[in-house]
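Everything on this sheet refers to the single structure shown next.
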Amino acid sequence: SLNEMVMKRLAKESIMNDDLECGTITKTTDYLANILKIIFDYSDEEVSNFLNKNSLIMIASYGDFRTRLTIFNNIGLLSDIIFKGASYLGHDFTNFHFGTRSLYAVIMKRNITSLDELREAVLNTSEKDLPKLREEFPLTSEQIQELDKKLQRKIAFRKEMRQRKLNKSIK
């Protein structure tokens, strides 16, 4: 239930960013809504309110968005990145700073444990250093799959806990 202004903005961004695949904003939005509902126990109304207030978070390549969430989940910053650092998840971050594999390399090199550390690392990492960092800390397809499995297990666990809680309240 996105408001009309947000829908128009997303449509405009989708058209203007021809490097975003068709349907990627919708997939990103659906995935985020699912995470908000299952992991953070948001209601449909709370999800709508969050998305309407944070529409820029949805303007992202689905693959990059999902991979970045798995990276931040792995280092214990999933909640922080969604609620306080969403700018690191979007397409603008890629355009103005660097891509997912470079972001991963910076996080691993500096052993990032907070958004403050991440902000400092992003500001202090030069573009010329990125190829060496990506070589030193590569993010392989296998690693992405493993990180994604970890997040999917977390989602499944929370979904199961939620269902158990619901079943108890029905009894």
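The values are calculated or read from the model by the stated rules, or taken from the named source; none is laboratory data. Quantities reported herein were computed from a predicted structural model and do not represent experimental measurements. Glycine gets a Cβ as well: all are built from the backbone with ideal geometry, and neighbour counts include every protein chain shown. Accessible surface is based on the protein model in full, side chains and every heavy atom, while ligands, DNA and RNA are left aside. Shrake-Rupley method; radii C 1.70, N 1.55, O 1.52, S 1.80 Å.
Solvent-accessible area per residue for the chain at a 1.4 Å probe radius, Å²?
Heavy-atom accessible area per residue stands at 60 Å².
Cβ under 12 Å from D30's Cβ, D30 left aside: what net charge do those residues give with Lys, Arg +1 and Asp, Glu -1?
With Lys, Arg at +1 and Asp, Glu at -1, the neighbours total +3.
By how many nm would the segment from S87 to E160 grow when fully extended, if each residue of separation counts as 0.36 nm and the alpha-carbon distance is taken off?
That pair, S87 and E160, stretches by 23.3 nm at full extension.
Please report the carbon-and-sulfur percent of the accessible area for the chain; probe 1.4 Å, protein heavy atoms only, DNA, RNA and ligands left out.
50 percent
In whole angstrom, note down how far apart the Cα centers of the range 129-171 and the range 31-83 are.
13 Å
What are the ³J(HN,Hα) couplings of the range 47-53, residue after residue, when phi is run through the Karplus curve with 6.51, -1.76, 1.60 and θ = phi - 60°? Round to Hz, x for glycine and proline.
For the range 47-53, the Karplus curve yields 4, 4, 4, 4, 5, 5, 7 Hz.
May I ask you to evaluate 6.51 cos²θ - 1.76 cosθ + 1.60, the Karplus curve with θ = phi - 60°, for each residue of the range 54-64 and list the ³J(HN,Hα) values in order in whole Hz, giving x for glycine and proline?
Per residue, the Karplus-derived 3J(HN,Hα) values read 10, 4, 5, 4, 7, 8, 7, 5, 4, x, 5 Hz.
Quick one: length gained pulling R9 to E117 fully straight, 0.36 nm per residue minus the C-alpha distance?
Full extension from R9 to E117 adds 35.8 nm.
By its C-alpha gyration tensor, with a ≥ b ≥ c as the square roots of the eigenvalues, how is the chain shaped: rounded for a/c under 1.5, else prolate for a/b larger than b/c, else oblate?
Judged from the Cα gyration tensor, the chain comes out oblate (a/c at least 1.5, b/c at or above a/b).
Using each residue's phi in the range 124-132, evaluate 6.51 cos²θ - 1.76 cosθ + 1.60 at θ = phi - 60° and report the 3J(HN,Hα) Karplus result to the nearest Hz, with x for Gly and Pro.
9, 9, 7, 4, 5, 7, 5, x, 5
Straight-line reach from K37: which lysines fall under 26 Å, measuring Cα to Cα and dropping same-chain residues less than 8 apart?
Within reach: K8, K27, K53, K84, K149, K150, K154, K159, K165, K168, K171.
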